[in-house]
Amino acid sequence: MTVYKTHDDIPTSVADFILTASGETNIKQVPLKDINGFVEMMEGVDSGTKKTNTTRTWRSSYGNP
């Protein structure tokens, strides 16, 4: 499982995706706990070990539709 300890550890491709999904403009505005949780969920989905929750999205917790 990927765990980022600082925002500087986050690859540009992951940061870009997180910023797009969250609606934020600076990756440091998104808590590492949220980033790591999202990455863990996506790794689980990719491996088939986790199911997505279709009733609430990660993005909606940041106030985006």
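No value in this document is a laboratory result; all are computed from the given coordinates. Computed from a prediction, not measured in an experiment: that's the story for all the values here. All Cβ positions, glycine included, derive from the backbone under ideal geometry; neighbour counts span all protein chains shown.
Suppose R0 equals 30 Å; then what is the FRET efficiency for residue 25 and residue 45 from their Cβ-Cβ distance, rounded to the nearest 0.05?
The computed FRET efficiency comes out at 0.70.
Run the simple label-point estimate for residue 12 and residue 33 please: 7 Å along Cα→C-beta, distance reported in nm.
3.1
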